[in-house]
1. Sorted by accessible area with a 1.4 angstrom probe, largest first, how do M1, M165 fall?
2. Express in whole angstrom the spacing between the alpha-carbon centres of segment 1-48 and segment 110-178.
3. Rounded, prolate or oblate: which fits segment 87-186 when a ≥ b ≥ c are the square roots of the eigenvalues of the alpha-carbon gyration tensor, with rounded for a/c under 1.5 and prolate only if a/b beats b/c?
4. From the protein chains alone at 1.4 Å, what is the descending order of accessible area for F100, F36, largest first?
5. Could you give the semi-axes, largest first, of the ellipsoid that matches segment 79-126, computed as the square roots of 5 times the alpha carbon gyration tensor eigenvalues and rounded to whole Å?
6. Around S103, with a cut-off of 13 angstrom between Cβ atoms, what is the net charge of the other residues, counting Lys and Arg +1 and Asp and Glu -1?
7. Set Lys and Arg Cβ to +1 and Asp and Glu Cβ to -1, take the dipole of segment 98-186 about its Cα centre, and tell me which of L149, F180, V122 lies farthest positive.
8. Provide the net charge surrounding M1, with neighbours chosen by a C-beta distance below 10 Å and charges set as Lys +1, Arg +1, Asp -1, Glu -1.
Amino acid sequence: MRRCGECGQWEPAGAHDCARCARLVDEIVEEGWRSFVTHEFGALEPAGERQVAEMVVDEPDRHVWRVVDAAYDRLTCPECGGRLSGGPAGCAPCDLANGFRYSAIEIDRPGVPAGNEHVLRVNVAVTRRPSGVSASEVLLRRLSLPVLLDGRLPTLAQAQATKAMARRGASESELATVVFRDWGRG
């Protein structure tokens, strides 16, 4: 884990307030997209990327989650005008797309505990689309990203206890202490 030179948080826990950390969260998704496109199609023009994105979102259950999330980023919501699936809670096309994203494939990275990729995926999704989620949940999800990217995974008891702390109004500092000190260590 590294400290962000702009906000001082463990990267990328500073997202949304820190533009650099927000870019790092987006890069988690973009890295998967670039690898997929290069492997399957080679170099593509923007119009070709859009066509591939449309194909991917038509069959999200055939692609890994990073590719699906990146495909949605390349499409525009007809209702809110933002990235499809990234709009505010209550935007019907974005809400629908946000639900379909969860049918994508999850494959744990080498050397991480089983289930790490699922938790990483959920935390990335909440961090990138915080509308409709409580502030305490968004805080906990973004604070967890550095630990999950480091390959650690909380036990069920650790995750539940930390979530309960967040719901009771624990401070960012209190949550960070538990997440960075305890998660994935016994």
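The values are calculated or read from the model by the stated rules, or taken from the named source; none is laboratory data. These numbers were taken from a predicted model, which means no experiment stands behind them. All Cβ positions, even for glycine, are placed from backbone atoms using ideal geometry, and neighbour counts span all protein chains on display. Surface areas here come from the heavy atoms of the whole protein model, side chains and all, with no ligands, DNA or RNA. Shrake-Rupley method; radii C 1.70, N 1.55, O 1.52, S 1.80 Å.
1. Numbers: M1 90, M165 40 Å².
Sorted by accessible area, descending: M1, M165.
2. Between the Cα centres of segment 1-48 and segment 110-178 lies a distance of 19 Å.
3. Working: a/c = 2.52, a/b = 1.24, b/c = 2.03.
Taking the square roots of the gyration eigenvalues as a ≥ b ≥ c, segment 87-186 is oblate.
4. F100, F36
5. Values: eigenvalues 145, 17, 11 Å².
Taking √(5λ) for each eigenvalue gives 27, 9, 8 Å, largest first.
6. Working: positive: R62, R101, R121; negative: D58, E59, D61, D69, E106.
Residues close to S103 contribute a combined charge of -2.
7. Checking the options against the dipole of segment 98-186, the answer is V122.
8. Summing Lys and Arg as +1 and Asp and Glu as -1 gives +1.
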